[in-house]
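These notes concern the structure reproduced below.
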Amino acid sequence: MLTVVSIVKLNAQRLVPGQKGIEVSTGLLAANVNQNYFVNLALTVQSKQRNYWIWGAEYAKQNSSYKNWRLPIETYTGEIGYIFNFLSDPQKVISLNGGLLATGGYETINRGDSTLQDGGIILNSDNFIYGVGGRLSVETYITDRFVILIQGKVKAFWGTDVKQFRPSAGIGLRFNF
C-alpha cells in the first residue's frame, strides 16, 4: 500500500506550473559530424498545460576543411523559447514536445585569424548573428527530479557568412527543483 501511495505522490509532483529546471545537453551538428558538436545549458520554467519556457546559452563548434587543415567555426549564442507538450502518457512519464526559439550571439571563424598557414586569406568575417529555431524532443522522467531528453533542433541564422541553416541532434539531462 505504501508503494502505491508513493507512486501516486511522485506523479503528482511532475509538470507543476512554476517548477524550474536546469538542463544540460550536448550533441552533434548534422553537417559533417566529425568533431562538430554543441553544448547547451538552459533554465526551464513550467507553465500551464505541461508547456514550458526555456532560456539557454549554447556553444557550438564546426570544422570547415581547407586543404589538409580544419578551420574552426565557433558560435556562442543565447536563446529563449516556448515549448509545447504535444503528447504524453497519463502518468507524465514520457512526452513529445516541440516549440520555437529566438536566438542570437556571436560567430568566429578560425578564432578571428584571417590569415592561413599557407598565406591564404579568409574572406568571411566574425559576425554577430541572430535567428529563429525549432526544437522537437522526447522527454522521459527517470525520477521526479531528473528528466532525460533526446532532441532535434534546427536553427536559421542571419548575419552569418557561413551556413544559414544548422540542424543538430543531441541528448540531455534536466534537474527539476
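Read-outs throughout are calculated quantities, based only on the coordinates presented, and are distinct from any laboratory measurement. No experiment lies behind these values; they were computed from the predicted model shown. Neighbour counts run over all protein chains shown; Cβ positions are idealised from the backbone, glycine included.
The table below lists the values:
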item: Surrounding net charge for Phe84, when Lys and Arg each add one and Asp and Glu each subtract one, Cβ distance under 13 Å; result: +2
item: Pairs from Lys48/Lys153; Lys20/Lys92; Lys92/Lys153 whose Cα-Cα separation, in the structure shown, is over 18 Å; result: Lys48/Lys153; Lys92/Lys153
item: Cα gyration tensor of the stretch 83-136 - equivalent ellipsoid semi-axes, whole Å, descending; result: 43, 12, 7
item: For the chain, calculated [θ]222 nm from helices alone, where every DSSP H run of n ≥ 4 adds -39500 (n - 2.57); result: -2000 deg cm²/dmol
item: Whichever aspartates and glutamates have a C-alpha closer than 13 Å to that of Lys61, once near sequence neighbours (fewer than 8 apart) are set aside; result: Glu74, Glu107
item: Highest-fluctuation residue, Thr77, Thr160, Thr143 considered, GNM on the chain with Cα pairs under 10 Å; result: Thr143
item: Cα-based helix-to-principal-axis angle, 2-12 vs the chain, degrees rounded to 10; result: 50
item: Positive-pole candidate from Gln46, Tyr59, Gly105, dipole of the stretch 13-155, charges at beta carbon; result: Gln46
item: Pairwise Cα inverse-distance average, inverted: Kirkwood Rh of the chain (Å); result: 17.7
